[in-house]
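The values are calculated or read from the model by the stated rules, or taken from the named source; none is laboratory data. What you see is a predicted model; the values in this text were computed from it and never measured. No Cβ is skipped: glycine too gets one built from the backbone with ideal geometry, and neighbour counts run over all protein chains shown. The protein model used for the area step is the full one, side chains on, heavy atoms only, and it has no ligands, DNA or RNA in it. Shrake-Rupley method; radii C 1.70, N 1.55, O 1.52, S 1.80 Å.
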Amino acid sequence: MCGIVGILGNRPATPVIMETLHRLEYRGYDSAGIATLDEGKMQSRRAVGKLSELETLLAEQPLSGTSGIGHTRWATHGAANVENAHPHRAGTVAVVHNGIIENFRELRDELTAEGVNFASDTDTEVVAQLCARYIAAGKTPVEAAAATLARLQGAFALGFLFEGEHDLMIAARRGSPLAIGHGTGEMFIGSDALALAPLTNRITYLEEGDWAVLTRTGAEIFDALGNPVERELRIVNVDQVMIDKGSYRHFMAKEIHEQPSVMAFALSHYLNPERTAVSLPVEIDFSGLDRLVLVACGTAFYACNVAKYWFEQIARIPVEIDVASEFRYREPPMSGREGAIFISQSGETADTLAALRYVRGKAAHVLAVVNVPESSISREADASLQIMAGPEISVASTKAFTCQLSVLATLAIAAARQRDAIDATGETRLVKALTGAPQLVAQAIKQEPAMEAASRDLAKARDILFLGRGPLFPLALEGALKLKELSYIHAEGYPSGELKHGPIALIDDSVPVIVFAPSDDLFDKTVSNMEEVMARGGKVLLITDEQGAEAASHGTWRTIVLPATDPFVAPMVYAVPAQLLAYHTALEKGTDVDQPRNLAKSVTVE
Ligand code: G6P
């Protein structure tokens, strides 16, 4: 993970770097650092903890200069302490790094044998030391960086700055994303275009294996073999409003409340309202496929879980789902007649990207469902479908999830039509239900006060169980994940029917059990499981609709009433309590909602 930034500017570099780092803090926040060049002389500052710590240090010990690099870290090798914080310096070289240098031990042993002393436990320091070694041996900084890159294995995005070289910065990309920003008489590098948005919208994305030599007037780009290459300069317009908290206390709150509008926006690109039909922006042929393989990580994986029910029940196509880190290494056999779909908000998750690379050439279609159109997963798939949620800043994914579901729902309908599993009337019914989903999500959000009230008690619990059946089972998983990551309370999601096979042993009056139960065909079954909990003294928070509340709220600890929904879109509507219960429980506990401990939003390491 980690966020990196660099500037060759014509104004003080420190404030620009700090502001950019703030926009990259979602990538990691256990330490941060910055190095600048003032008339060729390099100085650096590093601090443990969030960027505010580095800001405090810089207020006491300011850094001048118009060129510099900065870093916000999510530790992989070595504890989160000052020594391990980036930039790493050796001789005249300073380096910031995102990713993992896989052969760092070998390189470290080699350099140690030559008498080099290491100041940190990181994999990154070998990059600085190796480059400094080449410079000491007579190479120019550019030659030294090229020679260093040739020795590195693993995944990385790197930024190099050199003492005495006021107008030089080197950037390299292998496996981890890196964007070059073109200013007026200024050049920038950043882990994503979003971070560079206030500085420039003129962006060049480095391709796999590329490295670039930057001066204030431009960038010369080379491929992995050292051949000069041209890479497209694109105008990337990021809506500034979307990366602002507005009147909300947290990005997460803002992103939860944005869901009705972003879902509607996403759906408008996938539905034809006049014909009440699906109209996909790219052509996908589901008719001859054997099965679908859906792969993702984290919350995006729970979107795959929901989609499995849709594709199997509506389109009658078998679906295999897996988390990317398992899928990529178990070498699943492929028949060549599968459609493989990779779902990722960031489009940069290392495991999901590796899984995509595994199936490329082995599956009939490789599709990406992403929120960042220029991302690696988007670019490497045969076709890419955008979820159009707008920038999602809070580490815990919310609006991306409901937009992923929106897009996957349209794919399920399209697949069902192509495979003759539904007729035009069936399509119209489902499209109508889907069109109404954003409005139902808005109504569910109106129940926030009831969720906030329940959260005051949930915050006192040590363990919490979430139950759901059918497509609501993945929502139980998502509810538990959200609660764990935000409030640090242990939580588990279970299929309601599985409770009696073990987890019911946990039930007593100190373990709240949250039950997602819309009044659908499975309602009675879920209610029976809920009764089993209450019969053992369990404390049930029932989340249902009015009909469900009338039938089953007797004896529950609390009941929260959501709007009645078509079962097809219930997963989107029940995402709201999964999110808001976690949000308010975290507020009650006083944890860091937008940046929970130990996490990062974009996981670009294995
Ligand atoms: C991290 C984030 C999650 C996200 C997951 C997958 O763990 O904290 O919110 O669901 O990565 O990310 P992706 O960008 O691939 O959807």
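Taking into account only those residues within the range 259-278 that are modelled with pLDDT under 95 and part of a loop (DSSP other than H, G, I, E, B), which is nearest to the ligand (Cβ to nearest atom)? It comes out as His269. Considering the range 382-393, and only residues there that are surrounded by fewer than 24 Cβ atoms within 10 Å (Cβ to Cβ) and part of a loop (DSSP other than H, G, I, E, B), the residue that is farthest from the ligand (Cβ to nearest atom) turns out to be Asp382. Restricted to strands (runs of 3 or more DSSP E) entirely inside the range 491-606, those with at least 3 residues that are touching a residue at least 24 places away in the same chain (Cβ under 8 Å), farther than 30 Å from Thr352 by Cα and open to solvent by less than 20 Å² (accessible area, probe 1.4 Å) are 512-516, 539-545.
A quick yes/no check of all residues on (1) touching a Lys or Arg at 6+ places or on another chain (Cβ under 7 Å); (2) modelled with pLDDT of 95 or more; (3) not basic (Lys, Arg):
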residue	(1), (2), (3)
Ala315	yes, yes, yes
Ile321	yes, yes, yes
Glu331	no, no, yes
Ser344	no, yes, yes
Leu408	no, yes, yes
Arg417	no, yes, no
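Flag not set for Ala147, criterion: open to solvent by 60 Å² or more (accessible area, probe 1.4 Å) and in contact with a Lys or Arg (Cβ under 9 Å, 6 or more places away or on another chain).
Every test in (1) at negative phi; (2) at pLDDT below 95 is passed by Gly28 save one, and that test is (1).
Evaluated against (1) within 14 Å of the chain's Cα centre (by Cα); (2) surrounded by fewer than 21 Cβ atoms within 10 Å (Cβ to Cβ); (3) of a type in the set (D, E, K, R), Arg419 falls short on exactly one condition, (1).
Only one of the listed residues (Asn98, Asn81) is modelled with pLDDT under 95, closer than 17 Å to Thr122 by Cβ, within 21 Å of the chain's Cα centre (by Cα) and not hydrophobic (A, V, I, L, M, F, W, C). That residue is Asn98.
Just so you know, in the range 580-606 the residues that are within 15 Å of the ligand (Cβ to nearest atom) and of a type in the set (Lys, Arg) include one that is modelled with the highest pLDDT, and it is Arg597. For the range 31-65, filtered to residues that are touching a Gly at 6+ places or on another chain (Cβ under 7 Å) and open to solvent by 40 Å² or more (accessible area, probe 1.4 Å), the residue that is farthest from Val395 (Cα to Cα) is Asp38.
Which one of these is touching a residue at least 24 places away in the same chain (Cβ under 8 Å) and of a type in the set (Val, Ile, Thr): Thr200, Thr204?
Unique residue meeting the criteria: Thr204.
For the residues Val441, Val431, the requirement of being touching a Lys or Arg at 6+ places or on another chain (Cβ under 9 Å), buried (at least 22 other Cβ atoms within 10 Å of the Cβ) and among the β-branched types (Val, Ile, Thr) singles out Val431. If the condition is being under 24 Å from Lys308 (Cα atoms), open to solvent by 10 Å² or more (accessible area, probe 1.4 Å) and more than 19 Å from the chain's Cα centre (by Cα), then the range 463-490 contributes Arg469, Gly470, Pro471, Phe473.
The C-beta contact set for the range 247-260 (first residue among the charged types (D, E, K, R), second residue crowded, with 19+ Cβ neighbours inside 10 Å and assigned to a helix (DSSP H, G or I), distance under 7 angstrom, 6+ apart or interchain) comprises Glu255/Lys399; Glu258/Lys399.
A single entry from Ala480, Ala461, Ala476 fulfils the requirement of being part of a loop (DSSP other than H, G, I, E, B) and under 18 Å from Leu542 (Cα atoms): Ala461.
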